[in-house]
There are 2 protein chains.
Amino acid sequence: MKNVFYLFLVIIISSCTYKMEIGDSEDPEPEQVNEFAIVIHGGAGTIKKENMTPELELAYNDKLAEAIKVGHEILKNGGDAMDAVEATIRIMEDSPLFNAGKGAVFTHDGTNSLDASFMDGKTLNAGAVAGISTVKNPISLARKVMTNSEHVMLSGAGGDAFAKALNDPAIEIVPNSYFFTQNRYDGLQRVLKAEADKDPQAAVLQLQDAFTKDSKYGTVGCVALDKKGNIAAGTSTGGMTNKKYGRIGDAPIIGSGTYANNATCGVSSTGHGEYFIRAQVAYDISALMEYKGLTLEEATETVVQKKLVDLGGTGGVVALDHLGNISMNFNTPGMYRAMMNDKGELVVGMYKE
Amino acid sequence: MKNVFYLFLVIIISSCTYKMEIGDSEDPEPEQVNEFAIVIHGGAGTIKKENMTPELELAYNDKLAEAIKVGHEILKNGGDAMDAVEATIRIMEDSPLFNAGKGAVFTHDGTNSLDASFMDGKTLNAGAVAGISTVKNPISLARKVMTNSEHVMLSGAGGDAFAKALNDPAIEIVPNSYFFTQNRYDGLQRVLKAEADKDPQAAVLQLQDAFTKDSKYGTVGCVALDKKGNIAAGTSTGGMTNKKYGRIGDAPIIGSGTYANNATCGVSSTGHGEYFIRAQVAYDISALMEYKGLTLEEATETVVQKKLVDLGGTGGVVALDHLGNISMNFNTPGMYRAMMNDKGELVVGMYKE
């Protein structure tokens, strides 16, 4: 009887040990997927192939590839994630194809008003500008707010005054007319006419892209991981056509439009900004990884496909984590996007495949 | 042998059942602590008894008690958490004792610029205004942005234009001179003189309270839980003396200054805004409860005493959860604060006890 007891004891203990081993093997130490990596977006929305000409498709493809390769080169040469993010976003800001910098949509008053934010995942420092109108590259100014001011967020004419006071050749001051592009201006006229005609489509037209006539949230963003393990993220936008009342969307809001933390991930959002603020999209992805142990892909999937959808919010994110995993997740028919890994492999996408 | 086997099987199964019961009793269904509750703050900082006169101490005590009792009465009568938060904050905004509404500090340009935010924990709807200058009660305008606009955040002259367009008697339009108070104005002059004299104390003076000469982050905030289980939160501020460049702090930022979610908690922050944005203070408390299972007190303690301190951020929060637990947590020497539970018990505090 005593022997039988010991026999069972041994069986129980071995079974426990066995279970612990199973448990361990189910949860192995996560591996570095990419030594460095970079991911970008150029806005999300109802981007459809049938509304694209082959020329326009090529133009977007080329510009996304051109922008991400600049950042990738910096990372490959051992450069800083922050430099990669800034350089990449500047190229998209300088292109009229995207609603950020040159190519920004027009406000109700017929001006261009720009928002951007920037975050350093190493120090959790951040900078942002909202409603500025005379700085060629708002992403560079957002970074300067982080490094050259005691503040995180500057707004309106005050943001422009800060830019001027910097007197820094990297922060080019331009007249607001620099941001004029004919088809974005025509886009505003269409919305204003629809409003005057009390056309219920006016609200829809506010989101219509001037190139593709698709409804789109135009924002550009970039997240990078460098060889030192530092993550940086940035987002830049011209907001919404016919924007009134000094509306601020999610793009310049740290935690909504942009977040970066070396311990978890970096995120840049694009979408219906109001929902992205309410859902705390960018920080929530980080929190799900830190507090709930989700992977990057599980976290972006939870936030973009579940939490945002439950609120009624549309859009997407690009994100990457400290292991070099990359996620491009959106709940709209399309998102302009590209990613490059440490092997130099480039993926450019527009539609939901 | 077979009998012995069954005997052990029974023992093992009973022991498992016993363990499950133990497990259950260790983690009981949390009990409703208060059917309804309300908590407020009037700013945090180096609030010290030696810098207070008995008259001033009494004035703060009385105003905090007056404000919270108005909200408490609404809740006691079955009213809405949102109504309680708005009514309570309006009283603090109307008092020159606090840096919000009447009594707001002056910007570098000698004007008053006001920020506020509001969130409904039932729907996760939110509204905020930043840098407005002609609305007597910014908290009411923040609520109107939530209910009467498609946006979450309006800024600058645009926010004032929205207020005017509402044409609503509840949103009283005032000239900017309404916000003038002599000692806040004198406070600005002290900072400007220190700046002109290149006095290194200028930065410190920016945070000096005009009444107590203590260094303080002046903000008011309120969180309420009503009998229907709805949580609402709001925050209102005049920002920082000598504020430049359209600086936006955490008070109007959803997730940093204000957050409310019926599933977890409501939070209003007060402190060095830049750190509160970087640390995502208000939403982080909710995320720690939702994803990590922390109690309200554990979550506020983690964020205010650990995460904020690690970043170098000073200030505090008031918060309550869906069970009616209340937390008033700060890492500064003092915080003007008050709480009332469903039994009508009132606690008013200023210093760290």
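Limited to segment B:249-258, what total is found for residues that are over 10 Å from the mean Cα position of the chain (by Cα) and more than 10 Å from chain A (Cβ to nearest Cβ)?
Residues in segment B:249-258 being over 10 Å from the mean Cα position of the chain (by Cα) and more than 10 Å from chain A (Cβ to nearest Cβ): 0 in total.
Taking the stated definitions as given, is residue A:223 buried (at least 21 other Cβ atoms within 10 Å of the Cβ) and more than 29 Å from residue B:134 (Cα to Cα)? Quick ask: steps written out before the conclusion?
On the way: buried (at least 21 other Cβ atoms within 10 Å of the Cβ): yes; more than 29 Å from residue B:134 (Cα to Cα): yes.
So residue A:223 passes the test.
Can you find a residue that is open to solvent by 20 Å² or more (accessible area, probe 1.4 Å), part of a helix (DSSP H, G or I), more than 25 Å from residue B:246 (Cβ to Cβ) and of a type in the set (Asp, Glu) anywhere in segment A:47-56?
So far as segment A:47-56 goes, yes, one or more of its residues are open to solvent by 20 Å² or more (accessible area, probe 1.4 Å), part of a helix (DSSP H, G or I), more than 25 Å from residue B:246 (Cβ to Cβ) and of a type in the set (Asp, Glu).
Which strands (runs of 3 or more DSSP E) sit wholly inside segment B:110-219 and have at least 3 residues that are within 14 Å of chain A (Cβ to nearest Cβ) and either of a type in the set (Asp, Glu) or out of contact with any Asp or Glu (no Cβ under 9 Å at 6 or more places or on another chain) (or both)?
Numbers: elements: B:114-120, B:125-132, B:153-155.
By residue number, B:114-120.
Would you pick out the residues in segment A:62-73 that are open to solvent by 20 Å² or more (accessible area, probe 1.4 Å) and closer than 20 Å to residue A:343 by Cβ?
Once the filter is applied, which keeps residues that are open to solvent by 20 Å² or more (accessible area, probe 1.4 Å) and closer than 20 Å to residue A:343 by Cβ, segment A:62-73 yields A:66, A:69, A:70, A:73.
Filter segment B:74-109 down to residues that are within 12 Å of chain A (Cβ to nearest Cβ), open to solvent by 20 Å² or more (accessible area, probe 1.4 Å) and either in a strand (DSSP E or B) or in contact with a helix residue (DSSP H, G or I) (Cβ under 6 Å, 6 or more places away or on another chain) (or both), then give me how many there are.
0
Are any of the residues in segment B:232-248 touching a helix residue (DSSP H, G or I) at 6+ places or on another chain (Cβ under 9 Å), away from chain A (no Cβ under 14 Å), part of a helix (DSSP H, G or I) and crowded, with 24+ Cβ neighbours inside 10 Å?
There is no residue in segment B:232-248 that is touching a helix residue (DSSP H, G or I) at 6+ places or on another chain (Cβ under 9 Å), away from chain A (no Cβ under 14 Å), part of a helix (DSSP H, G or I) and crowded, with 24+ Cβ neighbours inside 10 Å.
So which pairs qualify, if the first residue must be in segment A:282-311 and more than 10 Å from chain B (Cβ to nearest Cβ), the second must be among the polar types (S, T, N, Q) and part of a helix (DSSP H, G or I), the Cβ gap must be under 7 Å, and the two must be at least 6 apart or on different chains?
What qualifies is A:285/A:300.
Could you run through segment B:264-280 and say how many residues are hydrophobic (A, V, I, L, M, F, W, C) and at the interface with chain A (Cβ under 10 Å from one of its Cβ atoms)? Break it down into steps so the answer makes sense when it comes.
To start, the set of residues in segment B:264-280 that are hydrophobic (A, V, I, L, M, F, W, C) comprises B:265, B:267, B:276-277, B:279.
Of the ones still in play, those that are also at the interface with chain A (Cβ under 10 Å from one of its Cβ atoms) are B:276-277, B:279.
Going through segment B:264-280 one residue at a time, the tally reaches 3.
Filter segment B:8-51 down to the residues that are modelled with pLDDT of 80 or more and farther than 20 Å from residue B:331 by Cα and list them by number.
Residues satisfying the conditions are B:30, B:31, B:32, B:33, B:34, B:35, B:36, B:37, B:38.
Scan B:131, B:121 and give me the residue that is in contact with a Gly (Cβ under 7 Å, 6 or more places away or on another chain) and closer than 20 Å to residue B:154 by Cβ.
Values: B:121 fails: closer than 20 Å to residue B:154 by Cβ.
The match here is B:131.
Return the residue satisfying two criteria in turn: it lies in segment B:249-258 and is more than 21 Å from residue B:111 (Cβ to Cβ) and touching a residue at least 60 places away in the same chain (Cβ under 8 Å), and of such residues it is surrounded by the fewest Cβ atoms within 10 Å (Cβ to Cβ).
B:254
Only one of these is open to solvent by 10 Å² or more (accessible area, probe 1.4 Å), within 14 Å of chain A (Cβ to nearest Cβ) and within 30 Å of residue B:95 (Cα to Cα): B:261, B:325. Name it.
After ruling out the rest, the residue left standing is B:261.
The values are calculated or read from the model by the stated rules, or taken from the named source; none is laboratory data. Being a predicted model, the structure only gives us computed values, none of them experimental. Cβ coordinates were reconstructed from backbone atoms using ideal geometry, including for glycine residues, and neighbour counts include every protein chain displayed. SASA here: full protein model, heavy atoms, side chains in, ligands and nucleic acids out. Shrake-Rupley method; radii C 1.70, N 1.55, O 1.52, S 1.80 Å.
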